[in-house]
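Heads up, the thing below is written out as structure tokens.
The values are calculated or read from the model by the stated rules, or taken from the named source; none is laboratory data. Quick caveat: nothing in here was measured; it's all calculated off a predicted structure. Cβ placement follows ideal geometry from the backbone for every residue including glycine, while neighbour counts extend to all protein chains displayed.
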Amino acid sequence: MFDSIGSHELNGIALLIFVICFKGYALYASRHAKRSICLASELHQARFDWMREMLSREVRVADNTAIANLERSVSFFASTTMLILAGLMTILGSTEKAIGLVAEIPFVSQASRAEWELKLVVLIFVFVYAFFKFTWSLRQYGFVTVMIGAADHIVNTDDNAAKLDKAAQRIAKMGSMAAHNFNVGLRTYYFSMSILAWFINPWLFMFCSAAVVLVLYRREFKSSTLRTLRGLDS
């Protein structure tokens, strides 16, 4: 049955499975995180506790320094993504040389120039998506810094503990939104590794796409890191 599948059809099926894994896991993780314990939910609670303590302090230099460190991590990945995109555009301009180089690797399936260019375009699109996520995360961390700077007004005018909790929850939510976009960017990096397998063989591409989903699920919902955050023995 599989022998009757042509090269174009096989690549189309592989790309469809990749999209299902990529978007399907994103939707699953987003919905599942709202009703189960995961890294995102545990870290959001930690951010709320952090911001509640921040509102009780007059000096917030350490808080702003911590946010700046997070911004540097996001900025590093955004800059790296731009370098990767520049490299991919260069390869797109010299496809014949790339095809000849990869053809020397054992088990590499033969692909036409059009198929190679399609794979490169998909890879470029994926990294463009990651770049937008990283830069949006960077801006959101900047918003967190502004909200921390405006915290004096909240503390000086609101004596009600419930109002302070609401303010802390709002700042923590912005921090969680920034972290979510950063996490999506990192998740895109994981899936880009599976696209590299596409240049070798479409079957390997499909297997790697499914393997990335398994790795991400275990890390976000079943990892020792999550058990440590919850205070459980790993």
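Residues in the stretch 46-71 that are farther than 16 Å from Tyr141 by Cα and surrounded by fewer than 13 Cβ atoms within 10 Å (Cβ to Cβ): Asp49, Glu53, Ser56, Arg57, Glu58, Val59. Taking the options Tyr141, Tyr217, Tyr190, name whichever one is buried (at least 16 other Cβ atoms within 10 Å of the Cβ), within 15 Å of Tyr25 (Cβ to Cβ) and touching a residue at least 60 places away in the same chain (Cβ under 8 Å). The conditions single out Tyr217. Has the stretch 16-23 got any residue that is more than 17 Å from Phe191 (Cβ to Cβ) and not aromatic (Phe, Trp, Tyr)? There is no residue in the stretch 16-23 that is more than 17 Å from Phe191 (Cβ to Cβ) and not aromatic (Phe, Trp, Tyr).
Just name the residue that is nearest to Thr81 (Cα to Cα) out of those in the stretch 172-212 that are over 12 Å from the mean Cα position of the chain (by Cα) and of a type in the set (Gly, Ala, Ser). Filtering first and then ranking leaves Ser194. Counting the residues of the stretch 144-178 that are modelled with pLDDT of 95 or more and surrounded by fewer than 14 Cβ atoms within 10 Å (Cβ to Cβ) gives 0.
Where in the stretch 116-224 are there helices (runs of 4 or more DSSP H), lying wholly inside it, with at least 2 residues that are closer than 20 Å to Cys38 by Cα?
161-198, 202-221
Answer yes or no as to whether Thr80 is exposed (fewer than 13 other Cβ atoms within 10 Å of the Cβ), of a type in the set (Val, Ile, Thr) and part of a helix (DSSP H, G or I). Considered against the rule, which asks whether it is exposed (fewer than 13 other Cβ atoms within 10 Å of the Cβ), of a type in the set (Val, Ile, Thr) and part of a helix (DSSP H, G or I), Thr80 comes out as no. Among the residues of the stretch 134-149, those that are closer than 30 Å to Gly93 by Cα and out of contact with any Ser or Thr (no Cβ under 7 Å at 6 or more places or on another chain) comprise Thr135, Trp136.
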